[in-house]
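Please read the structure below before turning to the comments.
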């Protein structure tokens, strides 16, 4: 697959020497590749490496822009770009690098269809790089319109398992238009928006906007050009999940497989939750970040070869089996193989057979875009055998990596904790983070609104006496009353946790609505308990000292006040006042509403 320069090309005299050098570079394949790591900021591992092709060291054509300028003069951009890709793939495989290989690709190479050809797919498989491990970064493609040959080719390559990336996001409207048309897997923010990001509110707003849009398009955001620790920490704080740049690692022919201490130490401290996107992330991105990039084998691979792999790597417990199109077929597990083949003469008899003979196709599979609930169900349905095999992480059926069941369990647990901060798992009402975000936003907008803190009295003894299920029912009952009695327009209802709720309302009738909440809760409790308990207005139960004590039925205490514009700077100040008012309401008897009519600020 050697590229050929057209024979009828006659260069201008001034360019004669340079073009002659370029022709020799192509014919003699005198290119090399260096690789810059792309770091996942959540797990502090390398997600992949971007390939950067270089010409002969010290020559005028060492830089890629000059090489491509000559390629355009020679009208052989596709041929030269193909040689660049071949150089990068061979260098990546020779260095034994894990993860994804990011390749800068011209529109001309898309047009010629080389990536989809059968010989290309076989050649990639021979180098241990199925399409699922390649990310094609689109260059010079602002005009890539729907229906063009390059656009159709890009869509087809994605169906084959290749990932697409959009480079230099922020450099002109055309990049955003292409993002909308093509929906690439990765979005790379241009380095100009990363430089001095911590001191530039405009750049920070741009990054936040990209993150919000990326969630809608299910894209992963990568920041380029990270050169300082402060830039790295600011990106993480904003919610960017991946980054590359000199602070993380410089491009090298054989880069280290793991990040250096400099970058890891910078990310070792807990992440500050200064913005909702900073700690939300997505299970999809985390699945791909945690998935171990174990090199798969083809279905026709001999059993003896797989056995040697297991013998040479004591930590390797499972080997994925993937076809030439990158589709995950199953798993060969060390313990299954040991049970069947590590016996006298058995290996001699079956070593030359295809590995699918001992492949398990009934394995755990999890699509990278699965929901948290689907991941939880998968763990619940797993068996001991599945736990030893691991989980095949796929995307559209294409292999993305192998995940240990223990890693998946930790991931699910982490996301459940995170999710509880955004939506209470019992009532599904907004949790602490959205409550604080709403308060801060309304304060910035200088709205005039009422804030209320609702808390159930005598809840703990009721929960102890009748059980947590009845306790949950009381909490759900209060949530329904709040939803029904507060005006739906211009109000915000949040569940802090336990039996504590926050209500924000722009209604002019907020006092009457809160009194309606008290009446509704009292009526609901009356229909909830047995007639005898209702008649006694309480029940007997043991207190914490084991003594028989009479406890009153659950009642509701609400502390509230009107928030005037420009009186508070943050949600913390409002929360402090509400906590004080709730305590005052709880000192009152029965269902009580305490309204603070002082002017704050």
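The values are calculated or read from the model by the stated rules, or taken from the named source; none is laboratory data. These numbers come from a predicted model, not from an experiment. Cβ coordinates were reconstructed from backbone atoms using ideal geometry, including for glycine residues, and neighbour counts include every protein chain displayed.
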Restricted to the range 520-549, and to residues that are in contact (Cβ under 8 Å) with a residue 40 or more places away in the chain and under 45 Å from the mean Cα position of the chain (by Cα), which residue is nearest to residue 467 (Cα to Cα)? 528
Residue 589 fails exactly one of the following numbered conditions: (1) surrounded by fewer than 12 Cβ atoms within 10 Å (Cβ to Cβ); (2) in a strand (DSSP E or B). What is the number of that condition? (2)
Of (1) surrounded by fewer than 19 Cβ atoms within 10 Å (Cβ to Cβ); (2) at pLDDT 80 or above; (3) more than 22 Å from residue 506 (Cα to Cα), residue 395 satisfies all except one. Which? (1)
Of the residues that sit in the range 398-407 and are touching a helix residue (DSSP H, G or I) at 6+ places or on another chain (Cβ under 8 Å) and at pLDDT 80 or above, which one is surrounded by the fewest Cβ atoms within 10 Å (Cβ to Cβ)? 403
Between residues in the range 181-210 that are closer than 18 Å to residue 138 by Cβ and residues that are at pLDDT below 80 and surrounded by fewer than 16 Cβ atoms within 10 Å (Cβ to Cβ), which pairs lie under 7 Å by C-beta distance while being six or more apart or on different chains? 181/146; 183/217; 190/171
So is residue 187 surrounded by 21 or more Cβ atoms within 10 Å (Cβ to Cβ), in contact with a helix residue (DSSP H, G or I) (Cβ under 7 Å, 6 or more places away or on another chain) and modelled with pLDDT under 80 or not? no
Search result, residues across the range 490-519 that are farther than 19 Å from residue 582 by Cα, part of a strand (DSSP E or B) and in contact (Cβ under 8 Å) with a residue 40 or more places away in the chain: none
Please verify whether the range 20-31 includes one or more residues that are at pLDDT 90 or above, outside any helix (DSSP H, G or I) and buried (at least 20 other Cβ atoms within 10 Å of the Cβ). yes
Just to be sure before I move on: is residue 487 closer than 27 Å to residue 537 by Cα and either buried (at least 16 other Cβ atoms within 10 Å of the Cβ) or touching a helix residue (DSSP H, G or I) at 6+ places or on another chain (Cβ under 8 Å) (or both) in the structure I sent? no
Out of all the residues in the range 482-510, which are over 20 Å from residue 425 (Cβ atoms) and out of contact with any strand residue (DSSP E or B) (no Cβ under 7 Å at 6 or more places or on another chain)? 484, 485, 488, 489, 508, 509
Could you check the range 218-244 and list, in sequence order, the residues that are touching a residue at least 60 places away in the same chain (Cβ under 8 Å), closer than 13 Å to residue 39 by Cα and not in a helix (DSSP H, G or I)? 220, 222, 240, 241, 242, 243, 244
Which of the residues belonging to the range 310-327 are surrounded by 17 or more Cβ atoms within 10 Å (Cβ to Cβ) and either part of a helix (DSSP H, G or I) or modelled with pLDDT under 85 (or both)? 310
Before we move on, is residue 432 closer than 20 Å to residue 528 by Cα, modelled with pLDDT under 85 and in the same structural domain as residue 591 (by TED's automatic domain parsing)? no
Residue by residue through the range 550-564, note down the ones that are over 43 Å from the mean Cα position of the chain (by Cα) and touching a residue at least 24 places away in the same chain (Cβ under 8 Å). 551, 552, 553
For the range 550-566, the count of residues that are part of a strand (DSSP E or B) and within 17 Å of residue 466 (Cβ to Cβ) equals 4
Of the criteria (1) more than 29 Å from the chain's Cα centre (by Cα); (2) closer than 22 Å to residue 592 by Cβ, which one residue 496 fails: (1)
Subset tally (residues that are in contact (Cβ under 8 Å) with a residue 12 or more places away in the chain and surrounded by fewer than 21 Cβ atoms within 10 Å (Cβ to Cβ)) for the range 109-118: 5
